[in-house]
1. Once the piece of chain linking Asp163 and Gln70 is laid out straight, how much longer is it, given 0.36 nm per residue of separation minus the C-alpha distance between them?
2. What is the distance in Å between the Cα centres of region 20-48 and region 55-110?
3. Order His166, His63 by their accessible area, 1.4 angstrom probe, all chains in place, largest first.
4. Take the Cα atoms of region 43-108, build their convex hull, and give its volume per residue in Å³.
5. Run the simple label-point estimate for Arg154 and Met105 please: 7 Å along Cα→C-beta, distance reported in nm.
6. Which of the residue pairs Lys87/Lys176; Lys48/Lys83; Lys48/Lys87; Lys34/Lys69 have a Cα-Cα distance greater than 20 Å in the structure shown?
7. Seen from all sides and averaged, what is the projected area of the convex hull of the Cα atoms in region 1-154, in nm²?
8. If we count every other residue with Cβ under 15 angstrom of Leu62's Cβ, Lys/Arg +1 and Asp/Glu -1, where does the sum land?
Amino acid sequence: MPPENDSIVELHACHYLTFNIVEWIDIFIRPVFKQIIVESLNHFIEKKGLTVYGWCLMTNHLHLMAQAKQECSLSLLANDFKKFTTKIILEDIDAEPEVRRSWIMKKFEEASTSLKLLDKFQVWQTQTNPVYIDLQNTDMINEQLEYIHLNPVRDRIVTEAEDYLHSSARDYIGIKGLVNIRIPEEKTESDFIIRHISSYKRLLKN
């Protein structure tokens, strides 16, 4: 298993990634910014060779279980995703009230200055903390998906993971979600979904 640091050793293997907004700013409480992430993920899936097995967007971070196609690099795709979404977020920041917009832009600028970057504004933290996921290991897949999908349950946003729109939990109970994910091919969908639902119910009772 590759080391759990910020370098993706197996460039085409599946990894769990976390994209955090600088200073943990709650950008994604606004629908416009949530939609940016949804549309950007689907764009990278369709055009950039990204495969997404699971995702969950919280108020200030994005969890992703993803893999790059053979001709791509997951490290490069992750960096491109940050750049791509940063540009759109900065373009749409006018959707925020003036006082909040000024505060957010100041935080973005301070983050860039502290990191000594060329770009004036830094939206995402630099690290993604990748963790290798073995797609042949059902227990590992289930454990990671449970962690991703139960984020809004732990934060008491919803009582059932599948009630949260901005994640792939719905896809795993047979309801089409907002992002075009792929359920791991090594498992039959019916068996995988049934096991996934039962694990939700067990965890929610604890």
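The values are calculated or read from the model by the stated rules, or taken from the named source; none is laboratory data. Not measured: the values here are computed from a predicted model. Positions of Cβ are generated from backbone atoms using ideal geometry, with glycine treated the same way; all protein chains shown enter the neighbour counts. The accessibility values were calculated without ligands, DNA or RNA, using every heavy atom of the protein model including side chains. Shrake-Rupley method; radii C 1.70, N 1.55, O 1.52, S 1.80 Å.
1. That works out to 30.1 nm of additional length.
2. Centre-to-centre distance over Cα atoms comes out at 6 Å.
3. Order by accessible area, largest first: His166, His63.
4. 98 Å³
5. Here the modelled spin labels are 3.5 nm apart.
6. On the way: Lys87/Lys176 28 Å; Lys48/Lys83 14 Å; Lys48/Lys87 17 Å; Lys34/Lys69 25 Å.
Where the Cα-Cα span goes over 20 Å, the pairs concerned are Lys87/Lys176; Lys34/Lys69.
7. Projected area, direction-averaged: 9.6 nm².
8. The answer is 0.
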